[in-house]
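Data block below; observations after.
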Amino acid sequence: MKEKEKKKEKKKKKEMNQDTPKTEKELEKITMNQNTIGIPRKERNEIFAQKCKEGVKVIIDLGFEDLMRDIDITSMIRQVTTCYSMNRKSNSPLNLIFYDIGEKVNNQLIKTTYDKWLGITTYKHDGLDFHNMVKDNYPEFSENKQNIIYLTADSDNEITEIKQDELYIIGGIVDRNKYKGLTLNKAKELGINHARLPIGEYLHLKTSKVLATNHVFAILAYYINVKQDWKEAFLSIIPKRKIEEEDEEYDKDKEDI
Ligand code: SAH
């Protein structure tokens, strides 16, 4: 191959390998599989609320606003709004709590009229403390703290599957890798369990395995709604720029979602 052609080929490869994180709309569509055509809105909402009650339990912990700049809070609000939209469109929505909403987060979140969001429970910063909040919503976990799992990339434990009888927590923080161990330490302080996603079992990442809140949420939603297949979930959600090319081959052969 001539030098010029080689360069062209390299450029094309580079372009294909650009960071292509899914847009919010694309993320929302992933779990969209509701067959509710013809059902009146009120009934449809009731069905959705019931499904949420029965869903896998996930808490998004928003109690980190003092560690974020305003710009990061705005990014976090966008991420949790995407989580909500994705859940709202899911066939098997998660049972979702937004916990520890401080003043700054509330002031931005209120613009999205989140107080009217369906199938979601919210707690302000001055509301119940963590253990009482769990007791109020999920009394079965109060005695069984081993089944409350803070998802954190810094844990030495790894989850192997998502279980109905476990309660998962995702940290709602954009910190650009500034606060390593933040949620791991929080889990230890709270006396609850912690675990990372099994990314290393399936993929080689070029960068750190710390993912954004909405991507972790989307991975759980994918696993529950689309297919119980970690590799497929990771390849569908994790931005391409993070994934080694050899692993990406799998992605190319896979059907579009
Ligand atoms: N330094 C922060 C990182 C925030 S990333 C921390 O200490 O958590 C946003 C959240 O996504 C994390 O709090 C965690 O709940 C979740 N998360 C990100 N990558 C993860 C991974 N590889 N495994 C499990 N959870 C992860």
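The values are calculated or read from the model by the stated rules, or taken from the named source; none is laboratory data. None of these values were measured; they are calculated from a predicted model. Note: ideal-geometry Cβ built from the backbone for every residue, glycine included; neighbour counts use all protein chains shown.
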Against the condition more than 8 Å from the ligand (Cβ to nearest atom) and either in contact with a His (Cβ under 6 Å, 6 or more places away or on another chain) or in contact (Cβ under 8 Å) with a residue 24 or more places away in the chain (or both), how does Lys206 come out, does it pass? yes
Of those in the stretch 196-205 that are buried (at least 19 other Cβ atoms within 10 Å of the Cβ) and farther than 18 Å from Gly172 by Cβ, the residue nearest to the chain's Cα centre (by Cα) is Ile199
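Does Asn185 satisfy the condition of being out of contact with any strand residue (DSSP E or B) (no Cβ under 8 Å at 6 or more places or on another chain), over 12 Å from Val58 (Cβ atoms) and modelled with pLDDT of 95 or more?
Taking the combined requirement at face value, the residue satisfies it.
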message: Condition (residue is within 24 Å of Ala195 (Cα to Cα), surrounded by fewer than 21 Cβ atoms within 10 Å (Cβ to Cβ) and without any contact (Cβ under 8 Å) to a residue 12 or more places away in the chain) applied to the stretch 107-129: is it met by at least one residue?
response: yes
Exactly one of Lys178, Lys209, Lys252 is in a loop (DSSP other than H, G, I, E, B), surrounded by fewer than 14 Cβ atoms within 10 Å (Cβ to Cβ) and either at pLDDT 95 or above or charged (D, E, K, R) (or both), and that one is Lys178
Thr213 passes all but one of the listed conditions (1) within 30 Å of Arg241 (Cβ to Cβ); (2) among the β-branched types (Val, Ile, Thr); (3) more than 9 Å from the ligand (Cβ to nearest atom); the exception is number (3)
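Can you pull out the residues in the stretch 109-160 that are within 16 Å of the ligand (Cβ to nearest atom) and acidic (Asp, Glu)? Explain how you work it out, then say what you get.
Initial filter on the stretch 109-160 (within 16 Å of the ligand (Cβ to nearest atom)): 130, 148-160.
Selection gives Asp154, Asp156, Glu158.
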Residue pairs within 7 Å by beta carbon, gap of at least six or interchain, first lying in the stretch 144-158 and in contact (Cβ under 8 Å) with a residue 24 or more places away in the chain and aromatic (Phe, Trp, Tyr), second away from the ligand (no atom under 12 Å from the Cβ) and in a loop (DSSP other than H, G, I, E, B), listed first then second, are Tyr150/Ile192
Note on Leu184: of the conditions (1) in contact with a Phe, Trp or Tyr (Cβ under 7 Å, 6 or more places away or on another chain); (2) assigned to a helix (DSSP H, G or I), unmet is (1)
Of the residues in the stretch 201-228, those that are within 14 Å of Ile159 (Cβ to Cβ) and charged (D, E, K, R) number 2
Per the filter on the stretch 133-175, residues of a type outside the set (Asp, Glu), exposed (fewer than 12 other Cβ atoms within 10 Å of the Cβ) and out of contact with any Pro (no Cβ under 7 Å at 6 or more places or on another chain) are Pro139, Gln146, Asn157, Gln164
